[in-house]
Amino acid sequence: MNTKQIRKLFPVTRNSIYLNNAAGSPLNARVQSRLESYLTLASETPNEKPGARVPVRQILSEMFGGDPGDYALVTSTGVGVGIVAAGYDWRRGDNVVVPADEHWNNTFPWLALRRRGVDVRLVPVEEDQRVNPEVVASMVDGNTRILASAAVRFDTGFRADLKLLSDIAHDRGALFLVDGIQGAGVFPIDMHEMGIDILACGGFKWLLGMPGTGFLYINEIAREKVDPVLPGMSSAEHSFRELNYHPDARRYETGTLAYSLFFAWIAGLELLEEVGVSDIHDRILELTDTIIAGLRSKGLSIVSPVEKTSERSAIIAFTMGSKAANKALHEKLNANDVLVALRPDHIRVSPNFFNTENEIEKFLDTL
């Protein structure tokens with residue numbers, strides 16, 4: 001599939017330069033078509049509505065590894081992390097380690113554990129916006145039950161070394177949990193090779209779905225330590241007298257999903273498989289190379305750690321030098337139909353595989 005064909009699938013490209021994929025994927029034509037087909041069936045032949053749970057789990061396991069039974073379908077990253085934080089059998093003296101200033105979905109569920117006596121250890125972020133694995137290791141000990149980290153930090157795009165963090169956790173008997181929403185679909189992730197025990201992810205960003213879709217990957221070892229917290233009709237064998245949980249990750253599902261959204265999401269996941277996440281990653285690096293070079297040529301300060309390719313993602317954060325200047329530039333970009341994100345202290349740019357070099361040049365020219 002060439003760039004011209006890909007861009008036809010993203011109507012947003014007709015009228016704007018969309019460089020805000022870290023906020024959410026623009027709806028693509030295949031997902032929209034599949035959603036509309038579901039709505040037609042729901043309105044005309046409601047008894048013939050197709051299922052979504054089984055095919056979504058199958059595709060996710062093909063993309064990220066593990067078995068389909070390792071995947072629970074949830075509505076967001078926060079729900080997935082929250083299920084684990086609430087369901088783990090915490091004991092007095094336990095601790096959890098997480099980098100400071102992670103996204104709220106990978107912060108609030110852990111901070112809430114302080115009321116249960118859990119020591120929540122926040123790893124400081126260094127001045128270069130990196131999280132130093134050596135500092136992480138110094139804070140993980142024999143009482144650490146979970147080491148949690150974003151695959152990619154939502155604000156600066158710093159990409160963590162997931163295998164290294166996994167080794168740190170496992171060496172001390174802890175589980176390794178990943179907030180995957182800014183990484184899944186950007187670069188290849190293999191649960192087994194990277195040693196990931198748990199990964200929570202929403203589907204509406206780089207996985208080309210819509211808000212309300214997501215998954216919780218949780219392997220067999222982690223399932224033995226995390227109890228379901230909201231049992232419902234999807235969690236267990238159907239019985240009115242006994243609660244026999246499913247042996248796999250379905251035990252963490254509750255009731256009815258937004259089937260229309262999950263059914264439509266299949267088209268987005270299939271598009272990713274068709275294009276190939278490895279190729280998407282290569283393409284994103286090419287586009288961000290151009291952004292980095294352009295920002296540097298204009299003497300602008302890049303906030304993201306970009307010196308090591310292995311620590312880069314699809315997110316580049318930069319600043320004009322002040323909040324007022326950033327706000328003014330953001331307004332100017334919007335006026336020119338160049339869509340990026342204004343963060344408290346910087347501007348965040350996040351291209352995807354449907355963007356072109358010409359769009360990046362127009363963005364840079366607008367600066």
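If you scan the range 90-137, which residues turn out to be in contact (Cβ under 8 Å) with a residue 40 or more places away in the chain and closer than 18 Å to HIS170 by Cα? Quick ask: steps written out before the conclusion?
Quick first cut of the range 90-137, residues in contact (Cβ under 8 Å) with a residue 40 or more places away in the chain only: 90, 93-99, 101-103, 105-106, 128-130.
Matches in the range 90-137: TRP90, ASP94, ASN95, VAL96, VAL97, VAL98, PRO99.
Sub-8 Å Cβ pairs linking a first residue in the range 51-66 that is of a type in the set (Val, Ile, Thr) to a second residue that is part of a helix (DSSP H, G or I) and surrounded by 18 or more Cβ atoms within 10 Å (Cβ to Cβ), at least 6 apart or interchain, are VAL54/PRO68; VAL56/PHE262; VAL56/TRP265; VAL56/ILE266; VAL56/LEU269; ILE59/ILE266; ILE59/LEU269, ordered by first then second residue. Screening the range 4-102 for helices (runs of 4 or more DSSP H) wholly inside it with 1 or more residues that are charged (D, E, K, R) returns the ranges 29-44, 53-64. Got a number for residues in the range 172-198 being buried (at least 23 other Cβ atoms within 10 Å of the Cβ) and not aliphatic (A, V, I, L, M)? Residues flagged as buried (at least 23 other Cβ atoms within 10 Å of the Cβ) and not aliphatic (A, V, I, L, M) within the range 172-198 amount to 7. Only strands (runs of 3 or more DSSP E) whose full extent lies in the range 166-276 are considered here, and the ones with at least 1 residues that are of a type in the set (A, V, I, L, M, F, W, C) and farther than 19 Å from GLY69 by Cβ are 175-179. The single condition from (1) under 29 Å from VAL131 (Cβ atoms); (2) touching a residue at least 24 places away in the same chain (Cβ under 8 Å); (3) buried (at least 18 other Cβ atoms within 10 Å of the Cβ); (4) hydrophobic (A, V, I, L, M, F, W, C) that VAL306 fails is (2).
Residue pairs whose Cβ atoms lie under 7 Å apart, sitting 6 or more positions apart in sequence or on different chains, and linking a residue in the range 344-357 that is touching a residue at least 24 places away in the same chain (Cβ under 8 Å) to a partner that is polar (S, T, N, Q) and buried (at least 24 other Cβ atoms within 10 Å of the Cβ), are SER350/ASN21; PRO351/ASN21; ASN352/ASN21.
Taking the criterion of being surrounded by 15 or more Cβ atoms within 10 Å (Cβ to Cβ) and either among the charged types (D, E, K, R) or not assigned by TED's automatic domain parsing to the domain that holds ASP94 (or both), the residues of the range 199-246 that qualify are LYS205, ARG223, LYS225, ASP227. In the set (1) touching a helix residue (DSSP H, G or I) at 6+ places or on another chain (Cβ under 9 Å); (2) under 30 Å from VAL56 (Cβ atoms), LYS298 fails one condition alone, (2).
Taking the criterion of being under 22 Å from ARG130 (Cα atoms) and aliphatic (A, V, I, L, M), the residues of the range 59-114 that qualify are VAL96, VAL97, VAL98, ALA100, LEU111. The requirement of being closer than 17 Å to GLY195 by Cα, part of a loop (DSSP other than H, G, I, E, B) and at pLDDT 95 or above is fulfilled nowhere in the range 107-120; no residue meets it.
Any chance the range 311-329 includes a residue that's under 24 Å from ALA150 (Cβ atoms), assigned to a helix (DSSP H, G or I), touching a residue at least 40 places away in the same chain (Cβ under 8 Å) and not polar (S, T, N, Q)? Scanning the range 311-329 turns up at least one residue that is under 24 Å from ALA150 (Cβ atoms), assigned to a helix (DSSP H, G or I), touching a residue at least 40 places away in the same chain (Cβ under 8 Å) and not polar (S, T, N, Q). Would you check if GLU242 is in contact with a His (Cβ under 9 Å, 6 or more places away or on another chain), closer than 30 Å to TYR88 by Cα and either free of Cβ contacts under 8 Å to residues at least 40 places away in the same chain or not small (Gly, Ala, Ser) (or both)? Considered against the rule, which asks whether it is in contact with a His (Cβ under 9 Å, 6 or more places away or on another chain), closer than 30 Å to TYR88 by Cα and either free of Cβ contacts under 8 Å to residues at least 40 places away in the same chain or not small (Gly, Ala, Ser) (or both), GLU242 comes out as no. The set of residues from the range 235-251 being more than 20 Å from ILE198 (Cα to Cα) and not aliphatic (A, V, I, L, M) comprises GLU237, HIS238, SER239, PHE240, ARG241, GLU242, ASN244.
Within the option set GLY294, GLY299, being at pLDDT 95 or above and crowded, with 16+ Cβ neighbours inside 10 Å holds for one residue only, GLY294. Checking each residue in the range 322-355 for being hydroxyl-bearing (Ser, Thr, Tyr) and either buried (at least 17 other Cβ atoms within 10 Å of the Cβ) or at positive phi (or both) picks out only SER350.
The values are calculated or read from the model by the stated rules, or taken from the named source; none is laboratory data. This one's a predicted model, so the numbers in the text were calculated from it and none came from an experiment. Positions of Cβ are generated from backbone atoms using ideal geometry, with glycine treated the same way; all protein chains shown enter the neighbour counts.
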